[in-house]
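Engineer: Please find one structure pasted underneath; my questions will follow.
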Amino acid sequence: MEKKKYYITTPIYYPSANFHIGHCYTTIVADALARYKRLDGYDVFFQTGTDEHGQKIENKAKEAGVTPKEYVDKIVYNAKDLWKSLGISYDYFIRTTDENHEKAVQKIFNKLYEQGDIYMGEYKGLYCTPCESFWTESQLVDGKCPDCGREVKEVSEEAYFFRLSKYQDRLVEYIDSHPELILPETRKNEMINNFIKPGLEDLCVSRTSFTWGIPVTFNPKHVIYVWIDALTNYITSLGYMGEDDTLFKKYWPADLHLVGKEIVRFHTIIWPAMLMALDLPLPKKVFGHGWLVINGGKISKSLGNYKDPREYIKEYGVDALRYYALREVPFGSDGVFSEENLVTRINTDLANNLGNLVNRTISMNNKYFDGIIQSGEFREEIDKDLVDSVKSLKAEVEEKMEELKVSDAVTLIMDVLKKCNKYIDDTAPWAIAKEEDKKERLGTVLYNLLESIRVCAVLLQAFIPTTAEKIFAQLNTKETNFDSIENFNGIKVGDKLGIPEILFQRIEEKK
Ligand code: MSP
């Protein structure tokens, strides 16, 4: 049977030498979803990349005394290095300076121009350079950019426009009839009430005030507006308007665009309207997540709360950081990042609840049975709750993942591990071990624990893959697929366990 496809994207990032933990957030969540879908048997295409054109980059390159291309080449490396250190399993990394992307964007622009969806006009307005966004007077907050709070400047120039207004009614109709398109619900209402209903204006889609962008082929003093360039990445990467569109035919429409809340507007208004103009299907879902904030505010170098995410990884390990990002923030809301909470999570959830459980279970089986896995046939009533919870865990996790409630999904797994710890306290294997005629029962208690741990590790692969691997090695099991967790019998009687090793060291609480 042909596998079902799943196309998931992160936004493409502005190249930066200062990526912070907030930037990692979207990508870690997307990675967990992609890994989960792969384990669940989907043919996944997971894409990320960099958004490299625009005036901001041109200015920065000038300051650094290099060409924009030299500038971006140097820092794109930084994004790839960061994703590698976080274990991000992307299938494709697009750069908007890729030749095939640039050519396809030009073709898209030409097509829209030829069919009358793009026309020449005059732009007068207010522009925020750092956000690459145009604003109307009424959208400003205290006369400043509503997104970043910085000064906007008045710009007036000949420019091309996209007939966004033409798509207003179709867009409202589409959003109404596809309740899953914009999630969470609050963001959908915000888009409809604050942006679409007040009336969509045609969008300025070219600039002449700088040159670092993709030129309009038939009027090259214009470069294409960076958001038009950037949004199309989701289809140019698949070969749309390119030499080979096999991937496009296979994977489009995207199943999920995962984006931060401040860019939902671009992904749920401009992007769908462009796709309508191109006569292409719309993405199935755009999910706008909240921000990670520090002490209630944005993370930034100038605020002095910036730390390179690789420093956390060096200090605490990659899975600790992944776990924290996935677990701490109810997906969709803003969440506070604090190193103290990270340490608390490591100690309570990872070192104690998970690590200690694995360690003592394997150690007990080694002590009482020389590491050999015993039969799990000698069940008693007290086992039922744990075994049932483990058996239903996959379905429950799946439901949460479908709703993109990643934090809830992780919590469900952690709750089963908690149950395992309680099961040890309730059954007291060390007491059973003292009774000569209870060897078989002791074997079953340990079997139940080992199998529960294995099932949790199979599911944890999506979230903390390195740790899951370590658990499999300690359990000495090759049963790591989702298929293996249906019947509570994946761990094999007679096999010998591996050597128990500490998964997470407790960390001294920092003041
Ligand atoms: N280049 C555009 C996206 C174009 S997509 C066609 C862009 N880039 S960005 O580098 O500024 O942001 C990339 C992602 O990082 C966005 O989803 C943004 O919301 C996310 N984050 C940046 N800081 C963040 C936090 N502090 N917390 C969570 N996510 C944040 O926008």
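The values are calculated or read from the model by the stated rules, or taken from the named source; none is laboratory data. Only a predicted model underlies this, so the values are computations on that prediction, with no experimental measurement involved. Positions of Cβ are backbone-derived with ideal geometry, glycine not excepted, and every protein chain shown enters the neighbour counts. The area values use the complete protein model at the heavy-atom level, side chains included, leaving out ligands, DNA and RNA. Shrake-Rupley method; radii C 1.70, N 1.55, O 1.52, S 1.80 Å.
Engineer: Which residue pairs have Cβ atoms closer than 7 Å, lie 6 or more positions apart in sequence or on different chains, and pair a first residue in the stretch 215-235 that is more than 22 Å from Q47 (Cβ to Cβ) with a second residue that is open to solvent by 10 Å² or more (accessible area, probe 1.4 Å) and within 16 Å of the ligand (Cβ to nearest atom)?
Structural biologist: V223/G213
Engineer: Would you call N100 more than 14 Å from the ligand (Cβ to nearest atom), of a type in the set (S, T, N, Q) and out of contact with any Cys (no Cβ under 6 Å at 6 or more places or on another chain)? Before the answer, list the steps.
Structural biologist: Values: more than 14 Å from the ligand (Cβ to nearest atom): yes; of a type in the set (S, T, N, Q): yes; out of contact with any Cys (no Cβ under 6 Å at 6 or more places or on another chain): yes.
Here the answer is yes, as N100 does meet what is asked.
Engineer: Restricting attention to the stretch 316-333, which residues are out of contact with any helix residue (DSSP H, G or I) (no Cβ under 7 Å at 6 or more places or on another chain) and either aromatic (F, W, Y) or over 16 Å from I88 (Cβ atoms) (or both)? Even if it seems obvious, please write down each step before you answer.
Structural biologist: First pass over the stretch 316-333, keeping only residues out of contact with any helix residue (DSSP H, G or I) (no Cβ under 7 Å at 6 or more places or on another chain): 317, 332-333.
Those that are out of contact with any helix residue (DSSP H, G or I) (no Cβ under 7 Å at 6 or more places or on another chain) and either aromatic (F, W, Y) or over 16 Å from I88 (Cβ atoms) (or both): G332, S333.
Engineer: Restricting to the stretch 27-40, name every residue that is open to solvent by 10 Å² or more (accessible area, probe 1.4 Å) and farther than 17 Å from K400 by Cα. Please lay out each step first, then the result.
Structural biologist: Pass one, the stretch 27-40, residues open to solvent by 10 Å² or more (accessible area, probe 1.4 Å): 35, 37-40.
Across the stretch 27-40, there are no qualifying residues.
Engineer: Continuing with this model, one more query. Tell me the residue from Y77, Y90 that is open to solvent by 30 Å² or more (accessible area, probe 1.4 Å) and either touching a Phe, Trp or Tyr at 6+ places or on another chain (Cβ under 6 Å) or not in a helix (DSSP H, G or I) (or both), please.
Structural biologist: Details: Y77 fails: either touching a Phe, Trp or Tyr at 6+ places or on another chain (Cβ under 6 Å) or not in a helix (DSSP H, G or I) (or both).
Every option except Y90 fails the conditions.
Engineer: Quick one: in the stretch 366-377, which of the residues that are touching a Gly at 6+ places or on another chain (Cβ under 7 Å) and surrounded by 12 or more Cβ atoms within 10 Å (Cβ to Cβ) is farthest from S452 (Cα to Cα)? Write out each step before concluding.
Structural biologist: We begin by selecting, within the stretch 366-377, every residue touching a Gly at 6+ places or on another chain (Cβ under 7 Å); these are 369, 372-375.
This time we only want the ones that are surrounded by 12 or more Cβ atoms within 10 Å (Cβ to Cβ), so: 369, 372-374.
Working: F369: 18, I372: 17, I373: 13, Q374: 14 Å.
Filtering first and then ranking leaves F369.
Residues checked against (1) in a helix (DSSP H, G or I); (2) open to solvent by 70 Å² or more (accessible area, probe 1.4 Å); (3) over 30 Å from L39 (Cα atoms):
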{"position": "L404", "(1), (2), (3)": "no, no, no"}
{"position": "S407", "(1), (2), (3)": "yes, no, no"}
{"position": "M414", "(1), (2), (3)": "yes, no, no"}
{"position": "K418", "(1), (2), (3)": "yes, yes, no"}
{"position": "A431", "(1), (2), (3)": "yes, no, yes"}
{"position": "K434", "(1), (2), (3)": "no, yes, yes"}
{"position": "E440", "(1), (2), (3)": "yes, yes, yes"}
{"position": "T444", "(1), (2), (3)": "yes, no, no"}
{"position": "L450", "(1), (2), (3)": "yes, no, no"}
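Engineer: Give the stretch 136-167 a look and list any residue that's outside any loop (DSSP other than H, G, I, E, B), open to solvent by less than 40 Å² (accessible area, probe 1.4 Å) and modelled with pLDDT of 85 or more, or say none. If you could, list the steps in order and put the result at the bottom.
Structural biologist: First, pick out the residues of the stretch 136-167 that are outside any loop (DSSP other than H, G, I, E, B): 137-139, 141, 144, 153-162, 164-167.
Now drop any that are not open to solvent by less than 40 Å² (accessible area, probe 1.4 Å), which leaves 155, 157, 159-162, 164, 167.
If the condition is that a residue be outside any loop (DSSP other than H, G, I, E, B), open to solvent by less than 40 Å² (accessible area, probe 1.4 Å) and modelled with pLDDT of 85 or more, then A159, Y160, F161, F162, L164, Y167 are the ones that fit.
Engineer: Between D255, D349, which is open to solvent by 10 Å² or more (accessible area, probe 1.4 Å), away from the ligand (no atom under 14 Å from the Cβ), in contact with a strand residue (DSSP E or B) (Cβ under 9 Å, 6 or more places away or on another chain) and not basic (K, R)?
Structural biologist: On the way: D349 fails: in contact with a strand residue (DSSP E or B) (Cβ under 9 Å, 6 or more places away or on another chain).
Step by step, each of D255, D349 is checked, and only D255 is open to solvent by 10 Å² or more (accessible area, probe 1.4 Å), away from the ligand (no atom under 14 Å from the Cβ), in contact with a strand residue (DSSP E or B) (Cβ under 9 Å, 6 or more places away or on another chain) and not basic (K, R).
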